[in-house]
Structures are given as structure tokens and as C-alpha cells.
Amino acid sequence: MTLFSFNLILFYWEVNKIAKLADYQVVSNSASLAKIDGQSFTITQIEDSHYTQGDEITKGVKLTMKEFFSIDGNQMNKFHTTRVAIVKKFSNQKLRDDINSGKETLHVKCIMEKSASGKNFYNLVDA
């Protein structure tokens, strides 16, 4: 194989390299709450984090934890969710004010429960 052939192969490989979605992943300051389902954590901050797709807005929250969790090789303490029961819990303004002011912290874990109709849903419970 000549040097020219080798360089041509390298050029072809670089031009036709197959991209991976991970190469284009947007780095965020939060991860999905689903990444730490079942684990206990202490909430120290609550904020709105709505998800918009087209004209449709889905209510969500971003929670800051005292603890850090290893998520895809990164240490993270902020998690977002649009899970309805959890978002509804944090629509309580007194709860938000008490947590966000530092007056209170909330030690919880996220578990799957069954509704009265038999449907599964995720909820936060005291840990």
C-alpha cells in the first residue's frame, strides 16, 4: 500500500464517519428525575421547568438536591420532571417558599404507586 492509498483511505473514513447522537448532546444543568428513582434525596430548592413542544406546554419542576448523584459520569444535584403527581405537589406555594427560603428541607424518594383506578404513577414520599 502506498502512502497515497493510505491517505485516501483516511480521508474517506473521515468524510464518511458515522455521527453518533451523543456527539451532539446538549449539556444541561439537570438530569431527569427518573435517573434516581427509588433513591433517597434531600430537596433544597424548587423551581418551574416547563417543557415546550410546538405550541404545547407541559408543566414541570426542577429540584436541587443536597446530595450529588453520578449520572452518565457526571456528578449532578439538579433534576427535572414533568411527572404530574410530583409537579402538582410542588404547586403548593407555602411548600415552595419554605424550601426555597432554607426554612425547611424535604427528605424524600421517588416511587411507583398505583392509583385507585389501578394505573401506575410516580410519586414522592417521605424517606
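Taking 7 Å steps out from each Cα toward its Cβ at Ile71 and Lys35 produces label points 0.4 nm apart. Within the same chain, lysines fewer than 8 places from Lys114 are excluded, and of the rest, those with a Cα less than 28 Å from its Cα are Lys35, Lys59, Lys62, Lys78, Lys88, Lys89, Lys94.
A crude spin-label estimate for the pair Ala127 and Val84, with each label 7 Å from Cα along the Cβ direction, gives 2.7 nm. Neighbour counts of C-beta atoms inside 10 Å place Lys62, Lys88 in the sequence Lys88, Lys62, starting with the fewest. Judged by the gyration tensor of its Cα atoms, with axes a ≥ b ≥ c, segment 65-127 is oblate; a/c meets the 1.5 cut and b/c is at least as large as a/b.
Here the gap between Gln93 and Met112, fully extended at 0.36 nm per residue and compared with their Cα-Cα distance, gives a gain of 4.4 nm.
Any read-out appearing in this document is the output of simple, stated calculations on the displayed coordinates, not a laboratory observation. Please read all numbers here as calculations on a predicted model, not as lab measurements. Cβ atoms come from the backbone with ideal geometry, glycine included; neighbour counts cover every protein chain shown.
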